[in-house]
Amino acid sequence: MIFSLAVYSSPSSTISYSAWQFAKSIQNSEHQLYRVFFYLEGVYNANQLMTPPTDELNMAKLWKELNAEKSTDLCVCVAAGIRRGVVDKAEAARHNLNAFNLAEGFEIVGLGQLLDASVKSDRLVTFG
Amino acid sequence: MQPKNLLFVIRHSSYGLFPGREILDAILAASAYGQNIQVLFMDEGIWQIKSDQQANLIAQKSVEKNLAAFEIYEIEELFVCERSALERGISADDISVDAQWLNTASIQALLSKQDQILSF
């Protein structure tokens, strides 16, 4: 079965970690994880500047591992990202910002990719 | 590819945890892809369609403009959870959109015919 996840909660919420655990379980099963789509407060999961204490979870790093192991799409909505200051190099240049902070492994995409994920997956599971 | 039946279930209010306009944006964006889209407002999501919102008092933009765009985007199958509305003292006169009111059994029937549910 093909799964996609929608993550709407911030990385400091345990909901985001639940989403990650679920994603990891899919990758370790016979099922396929097509895409994780970050929207609303969920876009903060892609902020590479987050630096929690070392004995706490760093969600951006955890998601990146997930992408590195099985090349799952980690998609961040461009509009939600710009609103909240989660941008890649191109968006930073477009909006005259002097820094970008999108973590490696994530990509900035349009909202249509959420619909694409829901149409191309057997199950879309929402966390948020 | 055969169009899929997609139901957006809105369960958050407009100005709380998530900005209502971003939720409605997701629905508007989805309308461009030729799928069968329906929207159900339930629980706190009922507040999204309450008429006479005075969002300016909390320095927010009202979601009423976004809702008005639904018709232009041909998102016309809107549903309200009757129980959620009654629990909050909201009647048909209080809502700003043309929606069908559903009891629990009808909501179960609506959910069961979907290919995918997008929950907000």
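We did not get these values from a lab; they are worked out from the coordinates using the rules stated. The structure displayed is predicted, hence computed values, not measured ones. We place every Cβ from the backbone using ideal geometry, glycine too, and count neighbours over all the protein chains shown.
Of note:
- Filter result (under 21 Å from A:D116 (Cβ atoms) and not hydrophobic (A, V, I, L, M, F, W, C)) within segment A:77-98: A:G81, A:D88, A:E91
- When restricted to residues that are touching a Lys or Arg at 6+ places or on another chain (Cβ under 7 Å), more than 13 Å from A:D73 (Cα to Cα) and not aliphatic (A, V, I, L, M), segment A:1-57 contains 1.
- Those helices (runs of 4 or more DSSP H) of segment A:14-128 in which at least 1 residues are acidic (D, E), more than 14 Å from chain B (Cβ to nearest Cβ) and free of Cβ contacts under 8 Å to residues at least 40 places away in the same chain, considering only elements entirely within it, cover A:59-70, A:89-94.
- Among the residues of segment B:3-49, those that are more than 10 Å from chain A (Cβ to nearest Cβ), of a type in the set (S, T, N, Q) and surrounded by fewer than 23 Cβ atoms within 10 Å (Cβ to Cβ) comprise B:N5, B:S13, B:N36, B:Q38.
- Flag for A:Y44 being in contact with a Cys (Cβ under 9 Å, 6 or more places away or on another chain), buried (at least 17 other Cβ atoms within 10 Å of the Cβ) and either among the aromatic types (F, W, Y) or more than 19 Å from A:S9 (Cβ to Cβ) (or both): no
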